[in-house]
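Visitor: Got a structure for you, questions after.
The values are calculated or read from the model by the stated rules, or taken from the named source; none is laboratory data. Just so you know, these numbers come straight off a predicted model, no measurement behind them. A quick note on method: Cβ atoms are made from the backbone with ideal geometry, for glycine too, and the neighbour counts reach across all protein chains shown. Just so you know, the surface numbers come from the protein's heavy atoms only, side chains and all, with ligands and any DNA or RNA stripped out. Shrake-Rupley method; radii C 1.70, N 1.55, O 1.52, S 1.80 Å.
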Amino acid sequence: MDLWPDGVGLAAKLPLLFFLIISATTGSVRAKIHYQKWEVAYQFKSPDCFQKLAITINGRTPGPTIIAEQGDTVVIDVKNALLTENLAIHWHGIRQIGTPWFDGTEGVTQCPVVPRDTFTYRFVVDRSGTYMYHAHYEMQRSAGLYGLIRVLPPAGVVEPFIYDYDRSIILNDWWHQNTYEQAVGLSSKNFTWVGEPQSLLINGRGKFNCSNAGGGVCNATNPECSPYVLTVIPGKTYRLRIASITSLSALNFEVEGHNLTVIAADGHYVKPFMVKNLNIYSGETYSVLLKAEQDPSRNYWAVVNVVSRNSTTPTGTAILNYYPNHPRRLPPTVLPTGPLWNDTMYRFNQSIATRSHPDYIRPPPTTSDRMIILLNTQNCIDGYVKWAVNNVSLNLPQIPYLITLKERMLHAFDQKPAPETYDYKNYDIYDVQKNRNATASTSIHRLVFNSTIDVILQNANTMKRNNSETHPWHLHGHAFWVLGYGMGKFDPETDPKRYNLVDPIMKNTVAVHPYGWTALRFRADNPGVWAFHCHIEPHFFMGMGVVFEEGVDKLGKLPVAIMGCGESKHIKP
Ligand code: C2O
Ligand code: CU
């Protein structure tokens, strides 16, 4: 197996040589420690040929792929060399069992890392699968701080499928405007939306048409924007680990002329099903198998298209190169256009088709202790545009919840519990809401440790007539069972009777489709404070999220390194 992240040139691979693997033998279990040193800095980059100030890790965006085995420990020294900007990095999909303070969620689990500081993240990757990391501070993720985590099963454990080669594909959307301007536009009274992305990136590479570049620096022959090439040997089977870290776009991935067999989602094995193309939402990962069994005399397109928004963004392209054709030889065909952008049922059906592999079912608890219904709406607060959940838009407090809850500094955030439901009898999800006004709050949901929680995500109309968006919701610290999806308004009396309690897939990110609902169940069994939010970067920035607390009293001393903001700087370790 190729240990290097694919699509990375030799020069870029060299820093990975500093990746140390230290073996530590404890009893009969052999867990390794993977140590990396990262410097996070702004650099001019041209991932789509257009030059932009991007956030890089050791000079690269996407950053290095973290490769470890289940049970290993990952230690990353992150030096904030952004000079004028704070930083926090989240390990998306890693549950942080016993280390909630290293979840990297600024405002929730840690104070931001200030410029020139170094913060050491140390956590165990407790489950095999494909995960991601990314910045979790304001709009920083959109500036390019992201990468993949590949956790291999323990030695000797066989997976329920066979393949010859393992490859990673990370998808992103990309704007030329810097994230500060975007953030200011989103948080001004004179609201300015970020708009559709200029490019879609496959493994950090896209192609902007430089003749539209206006005043910017754009060089179509810059090697940074030469398309990603996936070289295949005829007859071999490839596992593609596909991850989406987009700031906004729901994507559809397609390899021209090749079917894809979906085998895993968010680190859980799926009952295999075949698709012509794969819908993937921000924060999700899928493994698919691709067999190189087409006419080997030519190359093929691998593409991503925006779905769910009527986007102007051009198709993102990569090349599936059949060895020994020249890797840069363009396929002789036109680009696949993907499904219709507004074919909601097509995407809905793929969501429903994603079930647990029969041999790996972890049955969900058959009943739950509490049902939380979260209505997703676009709102106004004092003339600002916001997103809200049950008409409350999340404001992160100055001191992270983990610190204030553990240290009982309960004046530091709104103690009134966050609303658990909305007026579902009278609310019309198909209409622009009558009262757009919301409130902003730092309030949270406190959960009984070890209880079973059901969360229903209810979608609705936005502030625009006949418009409802797709929201991918991501839960930190857990995997949840996906019990069901529906169209229209969730009925708490009848719909739970239709839950799939037989073979639900477990995930950490799930979509709620336009005008639809999605039901999840999880066990509140991981002491800590966990964000649950829409993974669309501007939506979370505008308040589309909630926070869960469970079992914080069970935690030992918090590391001093996460403190230092607001009053938390006075806490004596
Ligand atoms: Cu990948 Cu809180 O996000
Ligand atoms: Cu959203």
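Visitor: Quick one: accessible area per residue over the chain, 1.4 Å probe, rounded to a whole number of Å²?
Guide: Counting only protein heavy atoms, the per-residue value for the chain is 39 Å².
Visitor: What part of the accessible area of the chain, given as a whole %, is carbon or sulfur when the probe is 1.4 angstrom?
Guide: About 54 percent, which is the carbon plus sulfur part of the accessible surface.
Visitor: With no other cysteine's Cβ closer than 4.7 Å, which Cys residues of the chain count as lacking a disulfide-compatible partner?
Guide: Here 380, 534 come out as lacking a disulfide-compatible partner, given the Cβ-Cβ threshold of under 4.7 Å.
Visitor: Then there's this: Based on C-alpha coordinates, I'd like the Rg and Dmax of region 165-355, in Å.
Guide: Rg and Dmax of region 165-355, Cα atoms, are 17.3, 58 Å.
Visitor: Another question, if that's okay. For residue 512, which sequence-distant residues (separation of 5 or more, or a different chain) have an amide H within less than 5 Å of its own amide H, given hydrogens modelled in the peptide plane?
Guide: 471, 473
Visitor: Now for a different question. Mind jotting down the distance between the C-alpha centroids of region 198-222 and region 478-501, whole Å?
Guide: Result: 43 Å between the Cα centres.
Visitor: Here is a follow-up. May I have the pair-distance distribution P(r) for region 10-160, computed from all Cα-Cα distances with 10 Å bins from 0 and rounded to whole percent?
Guide: Final binned percentages: 11, 40, 34, 13, 2, 0.
Visitor: Which value results for Rg/Rh of region 361-560 when Rg is the Cα radius of gyration and Rh the Kirkwood radius based on the inverse mean 1/r?
Guide: For region 361-560, the value is 0.96.
Visitor: Then there's this: Going toward the positive end of the dipole of the chain, with +1 on Lys and Arg Cβ and -1 on Asp and Glu Cβ, which of 78, 401, 336 do you reach last?
Guide: 78
Visitor: Just the projected area, averaged over all directions, of the convex hull on the alpha carbon atoms of the chain: how many nm²?
Guide: 25.4 nm²
Visitor: How far is it, in nm, from the label point at residue 494 to the one at residue 437 when both lie 7 Å from their Cα along the line to the Cβ?
Guide: Inter-label distance under the simple model: 3.6 nm.
Visitor: I'd like the Kirkwood hydrodynamic radius of region 252-319, using the inverse of the mean 1/r over distinct C-alpha pairs, in Å.
Guide: 13.2 Å
Visitor: Using alpha carbons only, how many angstrom separate the centre of region 370-391 from the centre of region 71-145?
Guide: 27 Å
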